[in-house]
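So the structure is just underneath, and the comments pick up after that.
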């Protein structure tokens with residue numbers, strides 16, 4: 001059997017074909033495409049039309065290669081969404097989570113429901129990019145559009161709809177919105193009513209491995225074959241975490257643009273201590289909870305590489321940093337690093353605020369970030385162990401960041417935990433596992 005995993009990240013996407021044989025998954029990259037938000041009508045927006053063109057182009061490539069998958073599933077980053085009207089047309093632009101439209105909204109939302117009560121209800125840490133703030137901001141900017149909405153879909157759910165014609169909401173992706181009740185694991189209609197958001201646009205939440213449907217006839221005609229569309233654990237981290245060994249004393253870090261550190265739990269922890277420590281409760285593939293903390297990951301390095309630019313490979317950048325002689329960690333979660341126009345200047349400014357030595361070259365600049373990531377992991381683990389009242393002995397690092405030997409080594413030194421790198425392609429593997437379990 002072969003399955004097609006489409007993984008859409010904030011800077012790129014790819015189609016990975018997975019074949020299952022003798023209990024193992026063999027991966028083959030079929031297609032890769034670029035992604036990134038662009039300014040449109042005063043907001044940072046995703047080019048959803050181009051993204052879908054690339055989704056279809058990669059599927060067509062499978063047919064051209066004679067590699068016909070049994071099914072296809074899409075995973076993506078969290079929090080971003082679309083609204084559809086009665087004709088299934090998009091309302092407004094598809095705004096990126098890195099847009100600033102929520103800057104003046106958060107306090108307004110918390111005047112309706114306090115940050116403490118919101119966390120107790122949803123278990124989701126308050127972040128400016130959360131869907132709850134984005135949707136509230138959209139309702140203020142375009143109330144008529146929201147009033148006329150008939151369907152709410154997260155981005156991977158929307159692309160599933162374009163492929164199949166079926167509108168279906170998925171648990172792990174929805175759990176990132178701060179609109180899902182932590183106990184019922186469904187969209188919280190009372191919360192939506194408080195916010196003035198129509199609750200009838202939100203559907204029942206379905207678990208990964210649910211079959212969505214066949215491809216639309218026009219898609220079949222364009223790519224030359226039919227296959228099932230299946231729900232992956234549609235939040236990319238939820239897909240990646242499916243590859244983590246089931247061990248009680250282990251922490252995982254899904255390492256990419258973001259570093260998401262946590263453990264799997266049966267039930268959400270919505271306590272004051274969990275909130276103050278910055279942890280969040282997101283859905284996992286089997287209805288469990290990913291109790292985790294968002295830590296800035298390789299976003300900073302990605303931006304430095306693009307903006308300076310750095311004409312070196314990722315492995316060469318690691319070697320540069322390792323031999324730089326610089327080991328002062330930057331405060332990796334500084335708001336200055338979230339979405340600056342110039343990342344180099346932002347890094348230098350943050351180090352200046354910390355009173356840290358000024359990096360003398362690019363290698364030292366990179367080193368400050370790599371050390372900062374390890375320091376961020378150390379701080380998060382201290383909070384994790386305090387909130388769960390448990391000691392963990394091992395860290396599984398999965399995703400593309402698992403290949404960074406310097407960060408792995410420093411993390412082991414900073415935390416005193418054994419670091420075990422897992423699959424760089426963890427997200428694609430998890431996506432394929434969900435498809436192989438579809439019924």
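No lab work stands behind these numbers, since they all come straight from the coordinates. No experiment lies behind these values; they were computed from the predicted model shown. Reconstructed Cβ throughout: ideal geometry from the backbone, glycine too, with neighbour counts over all protein chains shown.
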Where is the GNM fluctuation largest for the chain (alpha-carbon springs, 10 angstrom cutoff): 147, 418, 185? 147
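Which order results if 76, 62 are arranged by neighbouring Cβ count within 10 Å, fewest first? Could the numbers behind the result be given before it?
Numbers: 76 26, 62 23.
Fewest-to-most ranking of 76, 62: 62, 76.
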Residues of the range 66-81 with backbone N under 17 Å of the label point set 7 Å from the Cα of residue 201 along Cα→Cβ are 79-81
Linear extension gain, residue 420 paired with residue 12, 0.36 nm per residue minus alpha-carbon span: 144.3 nm
By how many nm would the segment from residue 190 to residue 267 lengthen if fully extended, with 0.36 nm per residue of separation less the alpha-carbon distance? 25.6 nm
Over the chain, with a Gaussian network built from C-alpha contacts below 10 Å, which listed residue (256, 42, 297) shows the highest mean-square fluctuation? 42
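Give me 396, 252 ranked fewest to most by other Cβ atoms within 10 Å of their Cβ, as a rough exposure proxy.
On the way: 396 22, 252 28.
Listed from fewest to most nearby Cβ atoms, that is 396, 252.
Sort the following peptides by mean Cβ neighbour count (other Cβ atoms within 10 Å, averaged over residues), highest first: 148-160, 9-21, 284-296.
Working: 148-160: 23.0, 9-21: 18.7, 284-296: 21.2.
Result, highest mean first: 148-160, 284-296, 9-21.
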Whole-number D in µm²/s for the range 92-245 (Stokes-Einstein; Kirkwood sum over Cα pairs; 25 °C, 0.890 mPa s): 147 µm²/s
Taking the Cα centre of each part, how many Å lie between the range 7-25 and the range 249-304? 22 Å
Report the dimensions of the range 246-422 along its three principal axes from the alpha-carbon atoms, largest first, rounded to Å. 47, 30, 26
Can you tell me the FRET efficiency between residue 412 and residue 41 if r is taken as the Cβ-Cβ distance and R0 is 56 Å, rounded to the nearest 0.05? 0.75
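Would you please calculate the Kirkwood hydrodynamic radius of the range 30-125 over all C-alpha pairs and express it in Å, rounded to one decimal?
For the range 30-125, the Kirkwood estimate is 16.7 Å.
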Can you give me the orientation-averaged projected area of the convex hull built on the Cα atoms of the range 198-299, in nm²? 10.1 nm²
Between residue 85 and residue 382, 0.36 nm times their residue separation minus their Cα-Cα distance comes to what? 102.3 nm
The Cα extents of the range 260-319 along the principal axes, largest first and rounded to whole Å, are 46, 26, 18
What 222 nm value per residue comes from the helices of the chain, counting each DSSP H run with n ≥ 4 as -39,500 (n - 2.57) and dividing by all residues, nearest 500 deg cm²/dmol? -11000 deg cm²/dmol
Could you work out which residue, out of 376, 36, 123, moves most in a Gaussian network model of the chain, that is, has the largest mean-square fluctuation with Cα springs under 10 Å? 36
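Quote the convex hull volume per residue of the chain, based on C-alpha atoms, as a whole number of Å³. Write down the numbers at each step before the final one.
Details: hull volume 61.6 nm³, N = 439.
Residue-normalised Cα hull volume stands at 140 Å³.
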With label points built 7 Å along Cα→Cβ from the Cα atoms of residue 114 and residue 32, find their separation and express it in nm. 5.0 nm
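Of 98, 305, how do they rank once you tally other Cβ atoms within 10 Å and put the fewest first?
Working: 98 15, 305 19.
By the 10 Å Cβ count, ascending, the order reads 98, 305.
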Grab the beta carbon distance between residue 220 and residue 354, set R0 = 56 Å, and tell me the FRET efficiency rounded to 0.05. 0.50
